[in-house]
Each structure stands twice: as C-alpha cells, then as structure tokens.
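Report on one structure; see the data block that follows.
Just so it is clear, none of the values below were taken in a lab; they were calculated from the coordinates. All figures in this text were calculated on a predicted structure; none of them were measured in a lab. Ideal geometry is used to build each Cβ from the backbone, glycine not excepted, and the neighbour counts take in all protein chains shown.
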Amino acid sequence: MKTEIPSSKLKIGMFVSDIDRPWLDTPFLLQGFLIENNKDIEQLQEYCQFVVIEWDRSTQGLQTARSVSKEKVESDRRASIAPSSTSFSETYDSTIQTSIADHSAPESIKEKPADLQAPVALNIKDTVFEPTELSHLTHTETIPKNLNKDLPATPETQIKEGLLASFSSKIKDFFKIKSDFKDKSYAQKKAFDSEQHPTAPEVHVVTTQRPEFIPANVELTMYNDVRPVEEELAPAGKAYTLTEKVLHGLVEDIRSDKNLEIEEVETVIQEVVDSMVRNPNALMLIMRLRQQDNASYEYGLQTAVYLIALGRHIGLPKDFLERLGITGLLLDIGNIKLPSELLQKNERLSLEEFEIVKSHVGLGLEILKETPNLHTDILEGIAQHHERENGSGYPAGLSKGNISLFGRMAAIVNSFTALTNARFHTKAVSAYDALKSISTMSGEYYLDSMVEQFIQTIGIFPVGSLVELSSGEVAVVISQSKVRRLKPRVLIISGPDKSPAANPATLDLLYQSETMAAVHILRGLPTGAFDLDAREYYLA
C-alpha cells in the first residue's frame, strides 16, 4: 500500500519510496529509505513538498496510513477548490491501459503551445503505426480521430505503467500509419532482411517544420540506417573500445594534473558518430552489454552514446553530434576532483556533503578552462546538465528558455544513465522504469517535448536492455521495430525457469509464426537480472 502525503506530515518510521522531484537533485540517492530521525524529516522537507510512503515497509503501521489517508482525502477535497500542489500520482483509465498522470507540471506549464504538447496516447491492438524518425517532420498524414475507440485491451496495453499512455492527445502527426505492414508474412520479412544493403544515402537535408526547441539557424538532417545491426557490430565495437581507452587515459591525465588532449577525444568521437549515423542500434547494443564492466567515470561514454542517438533522431547535423559526444564524455569529469569517499558512500549524504558533490559541475569547467577551442555548446551542456525547467536545479538555478539546447538534452540523458547504472549508493533500475520516472517529471523538471523525442529515440525497451517475455524466458533487445515499439527483435538467453539458455535464439516479436502462440514483453529488467549475462551470448 502506497500513499502520497505532504512532507509536513512525515514521521519517524515511515518508508519513503518516491519523492516529487528527481532523486539526482537531492541528497537522498538511495531511492527509497526508512525515516530514522528528525534530521531525515528536515532534509525531506527541505527538498520536497510531497513524498510517497510505502506502508508495507514502514514501522508506523496501517493505523498511521489510515490517518494520513483521511487527511489526504480532506486535502484533496480542498485542492479541488484551490490550486493544487505538485505531485506525481498515477491514474488508470477505463480500458485498464495504465498511464502516468500529468501531475508533475504546474498549470502554467500544462497549457503549452500545440507544437510542444505530447503525442496522442495509442491503443496498439490491430493497428500498425510507424513512429517517424523525425516525428515533427512528417506532415502528409495524420491520425484519424477516435482511431482506438473500440479496440480491445491486450497484454501490450496492460504493460505496467505504459509510457505510451502518458502522452497528451494533441499532436496528430506524431505517428504515421503504415497499414501495408499488416499483411507482410514472416517469410516476406526474412526475405527483406536478406536484402539489407540500402541504396539510400546516409543523410539528406530536411526543409520541413522543426520542433521549437531547435535553434532556427540549425539546418536539420534526416538520417537513414544504411547497415543492419549485425554488420555494424564490428566497427561499432572497435569505436567503443577505442573511446574507452582514450577516456581512461584522459582520466589518468587529469588525476596527474596534465592538460586535457581534446584532439584525441575529437578523433574517437568522430568514429562513434560515424557508426551511429550508419545504424545507432549496434553501438547502443554493445554499450548496454558492456555496462556491467564500467567504472564510474565511464558512465560518460554511455551518456555520449545516448546524446548522439538523441541528436541523430531529432536531425542535428554531424558536427552537432560530435559536440554532443564530447559533451557526454566530459559531462561529469569534475567528479575526478571530488573526495572518493563521497562518491563511494553507500548511504544518504548530509546536506553539507551534497553541496560538495554539486560542486563537480564547477570543478569540471575549471578543468576544461585551459582547453583551447572547446565549443561553447560543449561548455554549456556541461555547465547546465543539472539545471531544471522550473529553476530548481544547480548551479545557476536557470529555468526554461535560459537553458541551452545541449543543457536540456544532457539533463535528460544524464538522469537516464544515472538511473540505469548501479552505484555505491543505489541499485540500477530497468531502462523502462527509468524512462517512466523521467516521463513523470517531464514538464516541470525536463522539457516535455524533448523527453518524448528521447523515448522515441531509444524505444520503451531500449536496445541492449533485458526483458522478461510472456513465455517466462528472459531476452535481450537487439534491434527496435520502427513499426511497433513494443515488438522489438530479441535474443532469448534463458529458459522459462530463468536458467541460461544452451542455444540462444533470436525472435522478432513483430513477425511471429501464426501456428504458435504469440509472445510479448511482460516487463523490463535491470542489467544482470537473474544473474544472466547477455555478453556471453551475443558478443564475441
């Protein structure tokens, strides 16, 4: 049983399972903890207006829960008359399709222009959609009204806290109907896969409508996948390994107070960008499969890959993608100058310790000030990756239009990377749960239209992430379906009992044999779930 309560009602013995702002912006990095003393309460009240209490893990008991619930009912009654405070409660619609309620944004933010509003919530059953690579660039087709009105609920529509249902319903051209895919047989799909040598160029310039958050002087580019993921794995792996080596050397140089050799960073990032322009799925797959090996400073490489992927998706030119990659690599470089005992602390930080941790932004900029010819975009991204749309971030407390394009992108990607990696003070969550958390906070803390683009970039179940199938088997996502995001191609790495598979097999969830019961994804899993290591199966 969970209840959202005002922080003013907190008592010792309550277990806090969630808060009304990103965990990364607070000293409570454990993402769930028992209130043990008045200092804990004071810290929570310092940062939060509302928190979620999990009564099954609290020592306060159900009597307190009932009391708080009664107070909350009365509070909700008063809130229906007066303006409501920020919260992030979840609601459920009549079709049992779960949605994330849009409580995170104040009313002034919710009433936003049409081109910044979120895409239509869709019922997936029996209708095939193709999310456009640049949803804002497609203008020839729109979704008919009431398209999903009478469609029955399916396991897809019942996936826990479905992200697709979290969106608003006012952008009509976010998805392009692709009905001709409905009749493709599995054999046709196999034949199509064997011809994966497109003659289309890697890029071409786009001249149609652009999203508002991209500066007017930036010429957008549409990217095409020119290699299947299997063919791109080798060059992607080479680029990733080389970048890891350069990043390791970079960290050692900084620890030794040597100057940062930015030219070497620029060279390896060009290799990464070239691979991702050809097919971003390959490098994202390799990155996720090697994630368990990463040292803390190597989270920057993951951030770089996701930033490049997001930039590619929204159509930024290649020189922008290279700058995004460098931004990701250097984003938390200031952590190297922090006391290691703080970064490795496995309990909640004090307010004084958190202030020290927050200084990593300034320390990173101090390291880079001696680096010549470092682009302003990169410096802005590093300086602003902890700024938030409502002005509650740090170090400058910037808000909305005062945050740069790179700063806004880095804020979203850095939060995703932090949530999906295990650290000394917190466990990793699944990519799905991380996206849900960020989506819940969009509008108030992150630019909502950019969050939507990020979800479209990596998919609800990103490439390289572990998932549990309806068959009980565990699989790793190896490529996305642009037709239906909930039906990627997967590699099955366990049996229904979660024991490692002796002979792993690929399965395309979109094109399954009609003679067998269809398999679908039940839930996302964190890296290393059930002690399964996908690297043993997919990478040589």
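Below is a table of values for the structure above.
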quantity	calculated
Overall Cα dimensions of the stretch 257-340 - principal axes, largest extent first, Å	39, 28, 19
Cβ-derived FRET efficiency at R0 45 Å, SER471 paired with ALA216, nearest 0.05	0.35
Cα convex hull volume per residue for the stretch 287-420 (Å³)	120
Placed amide H near LEU522: partners under 5 Å, 5+ positions off or other chain	GLU468, LEU469, SER470
Distance in nm between pseudo-label sites at ALA505 and GLU352 (7 Å out along the Cβ direction from Cα)	6.2
Taking N as its residue count, the alpha carbon Rg of the stretch 466-538 over 2.2 N^0.38 Å	1.03
Added length on full extension, which subtracts the Cα-Cα distance from 0.36 nm per residue, PHE424 to GLU366	18.3 nm
Difference of contour (0.36 nm per residue) and Cα-Cα distance, ARG535 to ALA396	45.9 nm
Distance between modelled label sites at LEU338 and GLU36, nm, 7 Å Cα→Cβ extension	2.1
ASN373 versus LYS245: modelled label distance in nm, points set 7 Å from Cα along the beta carbon direction	2.3
Proxy reagent accessibility, fewest Cβ within 10 Å first, across LYS2, LYS436	LYS2, LYS436
ARG423 long-range amide H proximity, modeled H, under 5 Å	ALA428
Efficiency of FRET from Cβ geometry, GLU231 and GLU252, R₀ 30 Å, rounded to 0.05	0.30
Burial ranking of peptide ranges 405-414, 516-525 (average Cβ count within 10 Å, highest at the top)	405-414, 516-525
Flagged links, alpha-carbon separation over 18 Å, of LYS238/LYS318; LYS11/LYS427; LYS238/LYS337; LYS337/LYS358; LYS11/LYS39; LYS245/LYS345	LYS238/LYS318; LYS11/LYS427; LYS238/LYS337; LYS245/LYS345
Per-peptide average of other Cβ atoms within 10 Å, ordering 299-307, 35-43 highest first	299-307, 35-43
Segments 449-457, 271-279 sorted - mean Cβ within 10 Å per residue, highest first	449-457, 271-279
